[in-house]
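Below you'll find the structure, written out as structure tokens, and then a few comments.
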Amino acid sequence: MNVFGVDIGGSGIKGAPVDLNRGDLTQERHKVLTPQPATPDDVAGCVAEVVGHFGWSGSVGVTFPGVVTDSTVRTAANVDKAWIGVDAGRLLRDRLGGLPVTVLNDADAAGIAEMTFGAGRDRKGTVILLTLGTGIGSALFVDGTLVPNTELGHLELKGHDAEKRASSKAREDEELSWEHWATRRLRKYLAHVEMLFSPELFIIGGGVSRKADKFLPLIEGIRAEIVPAQLQNNAGIVGAAMAATATTVATAAKP
Ligand code: BGC
């Protein structure tokens, strides 16, 4: 079965049809640049362009970089604040000519994909996926079941929002060495999350996970196993498509 997945990110909006049996894209994904400011109407137009590129006419799953409950956006830390309170499912369904749309948090989508097809496959107990990008996204699983919208990127670390200190963007903006970022920022963040949740496994996602060899070996003193995500760039698209068929995590627009 194929479903369409779209990943709304801070820099790009990308999507493709997904083969749900293989957890992979059936065609090369199409990407458009995220409009700045990323207002609801402009982003919806981009999503319509991505979906239209494939002439798609079935279900669509869409990720959003903020809390989403009942298809409505509740927070927008790194996108235009005009999103807060918007029924994103309804907005996108209208722009897509009435196609069924499911919207969920971006890290939750990546986590769903990793738990089924990637680094979290067959893993029981408490598993936490963290996406380290512009912000920090989190997806918490207990015996494979998602606890949605956990927002662990906004824990307080040394009086700061954790994502402002330990995200990949913080490393780039502050021109931190891999060593400094890994040992002084990321390690402390992981230790804090571990203190709160005692996970068996951390899965590290986001673009920086491609460079995991530069920083994961430097992180010491964490009990949990720490592994890089496997689906990398496509995890959001695959997870969005999976969510569009799963009522347990779906936050689909009401008819
Ligand atoms: C948002 C999360 C999101 C993460 C990654 C955070 O700032 O609050 O909802 O998952 O960024 O995009």
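The values are calculated or read from the model by the stated rules, or taken from the named source; none is laboratory data. Small disclaimer: the values here were computed from a predicted structure and weren't measured. Methodologically, a virtual Cβ is constructed for each residue, glycine included, from the backbone with ideal geometry; neighbour enumeration extends over all protein chains shown. Heavy atoms of the whole protein, side chains included, go into the accessibility calculation; ligands, DNA and RNA do not. Shrake-Rupley method; radii C 1.70, N 1.55, O 1.52, S 1.80 Å.
Points to keep in mind about this one:
- Failed condition for residue 93, given (1) within 16 Å of the ligand (Cβ to nearest atom); (2) in contact with a strand residue (DSSP E or B) (Cβ under 8 Å, 6 or more places away or on another chain); (3) not small (Gly, Ala, Ser): (1)
- Residue 146 vs. criteria at pLDDT 95 or above, among the hydrophobic types (A, V, I, L, M, F, W, C) and in contact with a strand residue (DSSP E or B) (Cβ under 6 Å, 6 or more places away or on another chain): no
- Answer residue from segment 51-78, given it is within 15 Å of the ligand (Cβ to nearest atom) and open to solvent by 10 Å² or more (accessible area, probe 1.4 Å) and is nearest to the chain's Cα centre (by Cα) among those: 65
- Conditions (1) touching an Asp or Glu at 6+ places or on another chain (Cβ under 7 Å); (2) in a strand (DSSP E or B); (3) surrounded by fewer than 24 Cβ atoms within 10 Å (Cβ to Cβ); number of the one not met by residue 124: (2)
- Counting only residues that are open to solvent by 60 Å² or more (accessible area, probe 1.4 Å), assigned to a helix (DSSP H, G or I), of a type in the set (D, E, K, R) and within 27 Å of residue 74 (Cβ to Cβ), segment 148-205 holds 3 of them.
- Note on segment 22-45: residues that are surrounded by 17 or more Cβ atoms within 10 Å (Cβ to Cβ) and either basic (Lys, Arg) or outside any strand (DSSP E or B) (or both) total 8.
- Selection status of residue 48, part of a loop (DSSP other than H, G, I, E, B) and open to solvent by less than 50 Å² (accessible area, probe 1.4 Å): no
- Residues that are more than 7 Å from the ligand (Cβ to nearest atom), of a type outside the set (Val, Ile, Thr) and open to solvent by 10 Å² or more (accessible area, probe 1.4 Å) within segment 127-142 comprise just one, 140.
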